[in-house]
């Protein structure tokens, strides 16, 4: 449905300023206050706008997806651009390439999901780091203890009952200023839970280990014990965002982009350009799979080669994998791969891969698409033939299957290279 043929659906603005759009969708109509319209106009890289009346606007998402809170006061808008791929796949990609995502510390509303994904570790670490920015929260806890000296006040009834006529040790009651409070126990339990998640990226894993070290002196939550109860107040307000995510982790859940009206939770705002994320994910995931399969060294986004002799035109393949030369053992380029977040191959892709292969001195290149059908194109180069393989990584498949799909893709790359070498 387009704005030119039929009237687009009308969406009324609610009090929270929630505007959900969809990646690749057509124009939709919205009622906006002048302040909200100004907010969106200041972020023209995220959304296209067309005025209809003074308060009526038509909106269309650009090439980024995610959810972010924009503006302030009457101009506040929570803009959510839902990706074409399911959000659990998106979060799986993010876990491999968090540097390709813009995370915004201003929380947005989201809905809980029944899965625990490695990507949630990044959101939790980010929130926990901010919570502990000014130090670990301490509080006074009433402590019953037996000591050789007086601290606080003596529990006379307990002293007489347990040690009649014996002056020491003393049964005492005192207020201990300690980090061992429910809020910190919840953060520690969530960090330890995430550290047990298979496939966790080394960067958030290291951050989680640092977090557990900072929470020294906090008791570990016993297995099967309920999550510690906490109540939001001025004292722990800086922990609120991290504690909400910690509770989500302990429930074995993740989150879904949306308006959050059912089971609302707060998560970091997040914006990502899908084609950039797909490129980074594929390069790193396939590179690691090749390294485990045949050794060598993967170089995602390798920028060491130029098209011209003067070095003015840099080549930008998404992955170059280096393997030891059989002659001298020196690592040399052996595989070149490029990701295409497209629905079907285009001739420009073939031209680009031909240039990569010729310049790198390779007889084969690999293009990987997010949908479509696999294939092979043979390009005559002098008296030889250059083979360009077209692979498909279907992001519509369940996120747990993507790891096996990546392994299969790496295996096929190794297989065709082995056949070519023979």
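Identify, by number, the condition in (1) buried (at least 19 other Cβ atoms within 10 Å of the Cβ); (2) over 30 Å from residue 393 (Cβ atoms); (3) at pLDDT 85 or above that residue 17 doesn't meet.
So the condition that residue 17 fails would be (3).
May I ask you to list the residues in the stretch 43-69 that are touching a strand residue (DSSP E or B) at 6+ places or on another chain (Cβ under 8 Å), assigned to a loop (DSSP other than H, G, I, E, B) and over 26 Å from residue 91 (Cα atoms)?
52, 55
Let's see how each residue does on (1) over 28 Å from residue 72 (Cβ atoms); (2) at pLDDT below 75; (3) out of contact with any helix residue (DSSP H, G or I) (no Cβ under 6 Å at 6 or more places or on another chain):
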site: 119; (1), (2), (3): yes, yes, no
site: 127; (1), (2), (3): no, no, no
site: 138; (1), (2), (3): yes, no, yes
site: 143; (1), (2), (3): yes, yes, yes
site: 152; (1), (2), (3): yes, yes, yes
site: 157; (1), (2), (3): yes, no, yes
site: 164; (1), (2), (3): yes, no, yes
site: 169; (1), (2), (3): yes, no, yes
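What about residue 38, is it free of Cβ contacts under 8 Å to residues at least 40 places away in the same chain and out of contact with any strand residue (DSSP E or B) (no Cβ under 7 Å at 6 or more places or on another chain)?
So residue 38 fits the description; yes.
Conditions tested, residue by residue: (1) under 23 Å from residue 205 (Cβ atoms); (2) over 25 Å from the mean Cα position of the chain (by Cα); (3) assigned by TED's automatic domain parsing to the domain that holds residue 343.
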| position | (1), (2), (3) |
| --- | --- |
| 45 | no, no, no |
| 49 | no, yes, no |
| 60 | no, no, no |
| 98 | yes, no, no |
| 120 | yes, no, no |
| 129 | yes, no, no |
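Has the stretch 70-77 got at least one residue that is out of contact with any helix residue (DSSP H, G or I) (no Cβ under 7 Å at 6 or more places or on another chain), part of a loop (DSSP other than H, G, I, E, B) and farther than 30 Å from residue 400 by Cα?
Yes, some residue in the stretch 70-77 is out of contact with any helix residue (DSSP H, G or I) (no Cβ under 7 Å at 6 or more places or on another chain), part of a loop (DSSP other than H, G, I, E, B) and farther than 30 Å from residue 400 by Cα.
Within the stretch 339-355, track down each residue that is under 21 Å from residue 284 (Cβ atoms) and surrounded by fewer than 23 Cβ atoms within 10 Å (Cβ to Cβ).
Start the filter on the stretch 339-355 by keeping residues that are under 21 Å from residue 284 (Cβ atoms), which leaves 339-342, 349, 352-353.
Selection gives 341, 342, 349, 352.
When the stretch 179-199 is examined, which residues are found to be under 21 Å from the mean Cα position of the chain (by Cα) and assigned to a helix (DSSP H, G or I)?
Within the stretch 179-199, 187, 188, 189, 190, 191, 192, 193, 194, 195 qualify.
Taking the stretch 288-320, which residues are within 21 Å of residue 100 (Cα to Cα) and in contact with a helix residue (DSSP H, G or I) (Cβ under 8 Å, 6 or more places away or on another chain)?
Scanning the stretch 288-320 gives 289, 298, 299, 300, 301, 315, 317, 318, 319, 320.
Can you pull out the residues in the stretch 78-88 that are in a helix (DSSP H, G or I) and either buried (at least 21 other Cβ atoms within 10 Å of the Cβ) or free of Cβ contacts under 8 Å to residues at least 40 places away in the same chain (or both)?
Hit for the stretch 78-88 is 87, nothing else.
The values are calculated or read from the model by the stated rules, or taken from the named source; none is laboratory data. Keep in mind the model is a prediction, meaning the values are calculated, not measured. Every residue, glycine as well, gets a Cβ built from its backbone with ideal geometry; the counts of neighbours run over all protein chains shown.
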